[in-house]
Amino acid sequence: MSSNSTMSRVALVTGAGTGIGRAASIALAELGFTVVLAGRRAEPLKELADALGQRGLAALAVAADVADENSTHQLFEKIKTQYGRLDLLFNNAGIAARPVPLEELTLAEWRAVIDVNLNGAFLCTQQAIRIMKQQNPRGGRIINNGSISAYTPRPNSAPYTASKHAISGLTKATALDGRAFDIACGQIDIGNAATAIGAHVQQGALQPNGSTLVEPTMDLSHVAAAIRYMASLPLSSNVLNLTVMATQMPFVGRG
């Protein structure tokens, strides 16, 4: 579909204030979506909404914590009240735990990652499906931000890796369960995008053999372009899995 055909469509991006979420929000707004910008910190959301508005692009900033059921419910109630529909959800919000040996992690640290990365995606997916099933025209698209960690973990990354493995399962289950209701679900797995959360790979990342390596990264614009492509498809087509990564990062084979 062209940007003209998406002018009245509404997208929600979680973790929209910085990094991948910010880049994706800009790309979706440029594609013609009205973008709801969600995140825990109001300031970067408002700054982005204002910047998009100055370009004539529609955006709404909503402070919300996807790990909190009540906060998530209020977010989606606001979307229903304001727009009456939701055409795209990008489950992007995510955090990582301290990069320490598994046995040194606290249960609270484990739960914090699972609450945001997995439970948050579940809560948003659940709310989105309820809207997408009932709206007219029916259906919509859900894009989950996975990770190449879902397939190949880094050292000392058990909570993050486990959460992203689970996202892969959630993606497939949502794609299957949504099929009868014109709800498409796909996953983007991103490797070494140049973001604040991934800055450690540019400073020197621990490798499985115990060495430390400064790893190649890629510009966020390439991630945004991939998300824009996924979002531009008609609901009769779906990208179930897409991997975009810095070509020379240690991932394929033995690195």
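The numbered conditions (1) charged (D, E, K, R); (2) crowded, with 23+ Cβ neighbours inside 10 Å; (3) in contact with a helix residue (DSSP H, G or I) (Cβ under 6 Å, 6 or more places away or on another chain) are all true for ARG141 except (3). Evaluated against (1) more than 24 Å from LEU233 (Cα to Cα); (2) of a type in the set (S, T, N, Q); (3) in contact (Cβ under 8 Å) with a residue 60 or more places away in the chain, THR106 falls short on exactly one condition, (3).
For segment 80-115, a residue qualifies if it is within 30 Å of THR34 (Cα to Cα) and over 18 Å from the mean Cα position of the chain (by Cα), and the qualifying residues are LYS80, THR81, GLN82, TYR83, GLY84, ARG85. Criterion applied to ILE129, ILE95 was being surrounded by 16 or more Cβ atoms within 10 Å (Cβ to Cβ), among the aliphatic types (A, V, I, L, M) and not in a helix (DSSP H, G or I), and the one residue passing it is ILE95.
Look at (1) at pLDDT below 95; (2) not in a helix (DSSP H, G or I) and you find that ASN136 fails only one, number (1). Within segment 214-241, residues that are free of Cβ contacts under 8 Å to residues at least 24 places away in the same chain and over 18 Å from THR174 (Cβ atoms) reach partners that are of a type outside the set (Val, Ile, Thr) and part of a loop (DSSP other than H, G, I, E, B) with beta carbons closer than 6 Å, at six or more positions or on different chains, in the pairs VAL214/GLY204. Scanning for something free of Cβ contacts under 8 Å to residues at least 24 places away in the same chain and buried (at least 19 other Cβ atoms within 10 Å of the Cβ), does segment 48-55 turn up at least one residue? Yes, that holds for at least one residue.
Counting only residues that are surrounded by 17 or more Cβ atoms within 10 Å (Cβ to Cβ), farther than 11 Å from VAL36 by Cα and touching a helix residue (DSSP H, G or I) at 6+ places or on another chain (Cβ under 8 Å), segment 65-79 holds 4 of them.
The residue that is farthest from ASP189 (Cα to Cα), among those in segment 21-67 that are among the polar types (S, T, N, Q) and assigned to a helix (DSSP H, G or I), is GLN54.
Here's the yes/no breakdown for (1) under 23 Å from GLY39 (Cβ atoms); (2) hydroxyl-bearing (Ser, Thr, Tyr); (3) at pLDDT 95 or above:
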position	(1), (2), (3)
ASN117	yes, no, yes
CYS124	yes, no, yes
SER149	yes, yes, no
ARG154	no, no, no
ALA158	no, no, yes
ALA175	no, no, yes
ILE183	no, no, yes
ILE188	yes, no, yes
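Among the residues of this structure, THR125 does not count as one that is of a type in the set (Val, Ile, Thr) and out of contact with any helix residue (DSSP H, G or I) (no Cβ under 9 Å at 6 or more places or on another chain).
The values are calculated or read from the model by the stated rules, or taken from the named source; none is laboratory data. Since the structure is predicted, the reported quantities are computational estimates derived from the model, not experimental observations. Neighbour counts run over all protein chains shown; Cβ positions are idealised from the backbone, glycine included.
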